[in-house]
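A quick write-up on the structure given underneath.
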Amino acid sequence: MELKAVRKISDYEWEIPVDYRPDMRVPVRLFASRDMLESSLEDLSLDQAVNAATLPGLVGHVVVMPDMHQGYGFPIGGVAATRYPDGVISPGAIGYDINCGVRLLGSQIRLEEAEPFLEDLAIALDHYCPSGVGKQGHLSLTQAELDAVCREGSRWALKKGMASEQDLRRTEEEGRIEGADPAKISQRARQRGINQLGTLGSGNHFIEVDVVEQVFDPEAAAVMGLEEGMLTLLIHCGSRGLGHQVCSDYVQLLQPAVKRYQIKLPDRELVCAPMNSPEGEDYMAAMRAAANFAFCNRQVLAHYARQAFEEVLAGKVKNWHLHQVYDLAHNIGKVETHRVGGEDVRVCVHRKGATRAFGPGAPGIPVEYSKTGQPVFVPGSMGTASWVLVGTEGSMERSFGSSCHGAGRVMSRSRAKKEVRGERLRNELQAEGIHIRAGSMAGLAEEAPQAYKDVDDVVKAVQGAGIAKKVARLRPVVVIKG
Amino acid sequence: MKERGFKEVPHTADWALQVWAPDLSGLFHSAAQGMVSLMGVELHPDSLSAHFFSLKNSDPESLLVAFLSELLFITQEQNQGFAHLALAIDGPVLHAALSTAPVMRIDKEIKAVTYHNLDIHWDGDRYTATITFDV
């Protein structure tokens, strides 16, 4: 794609018109600075956004966030809304790590109080929160318990004493999506999930202790319990092998449905079926079961992290408690109501590498956030800042209540491994006062800061576009990588 | 017999692998070798055991995705990597015989094998395909 194909709307908003390619059903709307837009032309992210704009039943426009980058089929940082119930649902437009997401916990622990114990905290977090390839957890579920996790999500953890009511209230969908049916997930998915609850996994997943470096919106920060100089904990992970298998199964199972419903696709990874078809209904029930597993997974990890904090900091700091700020998904399909063409329309919002960012007064967010808007978390690359934002009226009007989810890659993994030595990177970050535990040096190199966009630029773009607003900037002091 | 092989091709977020071979079973073999090479799989040198499976699918691309997904499951979930692999493809059916050994180490997890732009084609000299993995 060339830049001339893209029409400028404002400094942070651009459009690829619907007539760019004959098979497009809606335009593509991009939220990015000009520099980001130009750099996005170096990979296939915009071509993939155009491909996504061909899905049957789309309404409004396909949205692309400033952290966009090339994925497989659907761009990372993409949002697409299809009319419910006759529009399509696409497993590939949600991704393999169903309900990959981020949870933020706040504290009243001052960095200076905790600083002498950060290395111990890194060791304890690494011990309590299993990470790495295929890693099994401390829990081994029965088949009945796995069913319960897939149906009840975080509520299962509440029953087991691993969550509080406030944790659940401050989780997207209160940690449980209606309509999940564990009977729609395969035996293989069950086999993969049964020992993985409460595990972090590998790749770009992490647990991070941060300090609140700067507050930009004191009112919103106060509601979230965030203060400058205090520690926070970020958890980034998803539905583990269970979710990967659910997506793999349905990407295969839905291939014949594409022919059956006479859907033409530019890429088979965009495989889809109408939501009101048997195939679409089965996938939605399975996807929701995996999403509930992921909510519960982050809840159990939060419980373990609290144990680690207590073990290391009890009696050494005044209050070692971690309170939930919020937990949200960034790979998911959700049925929501949005204003499209002046009318309220029920749609399935596919968010792949994009975060729900409901604004003030929107339904479905905790009452304490109804005035400020829903918290949105934007983790930066390893060793760099992360951000806390809130959703806005603008996100409700222009991006199906969505915003960005991270920094966004700019460098391939193979190039990162060639250019960065894992051991050297770890030493550099440790010299900056960041305590690191990593499962693999090669994995560490792939996630090096230089492989990502500058997260501050991404946040500047979403704020400039009016689809999120800055609340606080976080700086990492402990990083646990899978 | 023309050579078969694989090479990693750049991809911003995930991993992509170009594979080639003079026949379809060779292409699948190359894809399997390339995948475990990307993952950095190291096997225990002894303790070989036999493993067999068969798959059926409607088109070669779906068969390739199913085959690599099966290997991923065996490697990442059953902790068995293949030391030797024999394949026979007969139309929509694939038969695989593996000598497997316990996995000692995996550098990097692959979440899934995707269909993204997957097209097995004959270029007049050999079969080629580019496979994208979600990592």
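Take B:Val65 and decide whether it is surrounded by fewer than 22 Cβ atoms within 10 Å (Cβ to Cβ) and in contact (Cβ under 8 Å) with a residue 12 or more places away in the chain.
On the way: surrounded by fewer than 22 Cβ atoms within 10 Å (Cβ to Cβ): no; in contact (Cβ under 8 Å) with a residue 12 or more places away in the chain: yes.
The answer is no for B:Val65.
Of everything in segment A:64-76 that is touching an Asp or Glu at 6+ places or on another chain (Cβ under 8 Å) and more than 19 Å from A:Phe358 (Cα to Cα), the residue that is surrounded by the fewest Cβ atoms within 10 Å (Cβ to Cβ) is A:Gln70.
Going through (1) at pLDDT 95 or above; (2) buried (at least 16 other Cβ atoms within 10 Å of the Cβ) one by one, A:Arg7 falls short only on (2).
Determine whether A:Asp23 is outside any loop (DSSP other than H, G, I, E, B) and surrounded by fewer than 18 Cβ atoms within 10 Å (Cβ to Cβ). Before the answer, list the steps.
Numbers: outside any loop (DSSP other than H, G, I, E, B): no; surrounded by fewer than 18 Cβ atoms within 10 Å (Cβ to Cβ): yes.
No: the conditions fail for A:Asp23.
Checking each residue in segment A:79-111 for being of a type outside the set (Ser, Thr, Tyr) and within 24 Å of B:Glu109 (Cα to Cα) picks out A:Pro91, A:Gly92, A:Ala93, A:Ile94, A:Gly95, A:Asp97, A:Ile98, A:Asn99, A:Cys100, A:Gly101, A:Val102, A:Arg103.
Give A:Leu46, A:Leu30, A:Leu55 a once-over and let me know the one that is in contact (Cβ under 8 Å) with a residue 24 or more places away in the chain, part of a strand (DSSP E or B), on the phi < 0 side of the Ramachandran plot and among the aliphatic types (A, V, I, L, M).
Working: A:Leu46 fails: part of a strand (DSSP E or B); A:Leu55 fails: part of a strand (DSSP E or B).
A:Leu30 is the lone residue from the list that is in contact (Cβ under 8 Å) with a residue 24 or more places away in the chain, part of a strand (DSSP E or B), on the phi < 0 side of the Ramachandran plot and among the aliphatic types (A, V, I, L, M).
Within segment A:157-200, the residues that satisfy the criterion of being within 14 Å of another protein chain (Cβ to nearest Cβ), touching a Lys or Arg at 6+ places or on another chain (Cβ under 8 Å) and surrounded by 24 or more Cβ atoms within 10 Å (Cβ to Cβ) are A:Gly193, A:Gln196, A:Thr199, A:Leu200. Looking only at residues in segment A:374-398 that are assigned to a loop (DSSP other than H, G, I, E, B) and of a type in the set (Ser, Thr, Tyr), the one that is farthest from A:Glu173 (Cα to Cα) is A:Thr384.
The criterion of at least 2 residues that are within 12 Å of chain A (Cβ to nearest Cβ) and either under 12 Å from the mean Cα position of the chain (by Cα) or β-branched (Val, Ile, Thr) (or both) is met by the following strands (runs of 3 or more DSSP E) wholly inside segment B:27-135: B:93-106, B:127-134.
I need a count of the residues in segment A:201-258 that are among the charged types (D, E, K, R), under 28 Å from A:Val300 (Cβ atoms) and either in contact with a Gly (Cβ under 9 Å, 6 or more places away or on another chain) or buried (at least 23 other Cβ atoms within 10 Å of the Cβ) (or both). Break it down into steps so the answer makes sense when it comes.
Here is the first cut: in segment A:201-258, the ones among the charged types (D, E, K, R) are A:208, A:210, A:213, A:217, A:219, A:227-228, A:240, A:249.
Next, from what is left, pick out any that are under 28 Å from A:Val300 (Cβ atoms): A:208, A:210, A:227, A:240, A:249.
Now narrow it down to the ones that are either in contact with a Gly (Cβ under 9 Å, 6 or more places away or on another chain) or buried (at least 23 other Cβ atoms within 10 Å of the Cβ) (or both): A:208, A:210, A:227, A:240.
Residues flagged as among the charged types (D, E, K, R), under 28 Å from A:Val300 (Cβ atoms) and either in contact with a Gly (Cβ under 9 Å, 6 or more places away or on another chain) or buried (at least 23 other Cβ atoms within 10 Å of the Cβ) (or both) within segment A:201-258 amount to 4.
Confirm whether A:Leu37 is outside any loop (DSSP other than H, G, I, E, B), surrounded by fewer than 24 Cβ atoms within 10 Å (Cβ to Cβ) and hydrophobic (A, V, I, L, M, F, W, C).
Numbers: outside any loop (DSSP other than H, G, I, E, B): yes; surrounded by fewer than 24 Cβ atoms within 10 Å (Cβ to Cβ): yes; hydrophobic (A, V, I, L, M, F, W, C): yes.
Against the criterion (outside any loop (DSSP other than H, G, I, E, B), surrounded by fewer than 24 Cβ atoms within 10 Å (Cβ to Cβ) and hydrophobic (A, V, I, L, M, F, W, C)), A:Leu37 qualifies.
Within segment A:430-482, being modelled with pLDDT under 90 and within 18 Å of the chain's Cα centre (by Cα) holds for A:Glu447, A:Tyr452, A:Lys453, A:Lys481, A:Gly482. Within segment A:135-145, does at least one residue satisfy the condition of being among the aliphatic types (A, V, I, L, M) and either within 14 Å of chain B (Cβ to nearest Cβ) or over 30 Å from A:Gln252 (Cβ atoms) (or both)? No, segment A:135-145 has no match at all. Among the residues of segment A:237-259, those identified as closer than 29 Å to A:Leu58 by Cβ and either more than 14 Å from chain B (Cβ to nearest Cβ) or touching a Ser or Thr at 6+ places or on another chain (Cβ under 8 Å) (or both) are A:Gln245, A:Val246, A:Ser248, A:Asp249, A:Val251, A:Gln252, A:Gln255, A:Pro256, A:Ala257. Scanning segment A:396-414 for residues that are within 19 Å of A:Arg29 (Cα to Cα) and either at pLDDT below 85 or at the interface with chain B (Cβ under 9 Å from one of its Cβ atoms) (or both) turns up just one, A:Gly408.
Residues in segment A:120-130: is at least one on the phi < 0 side of the Ramachandran plot and either free of Cβ contacts under 8 Å to residues at least 40 places away in the same chain or in a loop (DSSP other than H, G, I, E, B) (or both)?
Yes: segment A:120-130 contains one or more residues that are on the phi < 0 side of the Ramachandran plot and either free of Cβ contacts under 8 Å to residues at least 40 places away in the same chain or in a loop (DSSP other than H, G, I, E, B) (or both).
When A:Ala305 is tested against (1) of a type in the set (Gly, Ala, Ser); (2) out of contact with any Phe, Trp or Tyr (no Cβ under 6 Å at 6 or more places or on another chain); (3) closer than 25 Å to A:Ala189 by Cβ, only condition (3) is not met. Taking (1) over 27 Å from B:Lys108 (Cβ atoms); (2) touching a Pro at 6+ places or on another chain (Cβ under 9 Å); (3) in a loop (DSSP other than H, G, I, E, B); (4) of a type outside the set (A, V, I, L, M, F, W, C) in turn, A:Arg151 satisfies each apart from (3).
One residue stands out in segment A:262-272 among those that are more than 8 Å from chain B (Cβ to nearest Cβ) and in contact (Cβ under 8 Å) with a residue 60 or more places away in the chain: the one that is nearest to the chain's Cα centre (by Cα), namely A:Leu270.
Against the numbered list (1) in contact with an Asp or Glu (Cβ under 9 Å, 6 or more places away or on another chain); (2) surrounded by fewer than 22 Cβ atoms within 10 Å (Cβ to Cβ); (3) modelled with pLDDT of 95 or more, B:His121 comes up short only at (1). A:Ser154 meets each of the listed conditions (1) buried (at least 24 other Cβ atoms within 10 Å of the Cβ); (2) touching a Phe, Trp or Tyr at 6+ places or on another chain (Cβ under 6 Å); (3) under 30 Å from B:Glu70 (Cα atoms) apart from (3). Could you grab the pairs with beta carbons closer than 8 Å, sequence gap of 6+ or different chains, first residue in segment A:77-90 and crowded, with 24+ Cβ neighbours inside 10 Å, second one at pLDDT below 95 and in a loop (DSSP other than H, G, I, E, B)? From residues that are crowded, with 24+ Cβ neighbours inside 10 Å, the pairs are A:Gly77/A:Gly408.
Answer yes or no as to whether A:Gly422 is over 22 Å from A:Gly238 (Cβ atoms), in contact with a Ser or Thr (Cβ under 9 Å, 6 or more places away or on another chain), without any contact (Cβ under 8 Å) to a residue 24 or more places away in the chain and within 14 Å of chain B (Cβ to nearest Cβ). Working first, answer last.
Values: over 22 Å from A:Gly238 (Cβ atoms): yes; in contact with a Ser or Thr (Cβ under 9 Å, 6 or more places away or on another chain): yes; without any contact (Cβ under 8 Å) to a residue 24 or more places away in the chain: yes; within 14 Å of chain B (Cβ to nearest Cβ): yes.
Answer is yes for this residue.
The values are calculated or read from the model by the stated rules, or taken from the named source; none is laboratory data. Everything numeric in this text was worked out from a predicted model, so none of it was measured. Don't worry about glycine lacking a Cβ; one is built from the backbone with ideal geometry, like all the others, and counts go over all protein chains shown.
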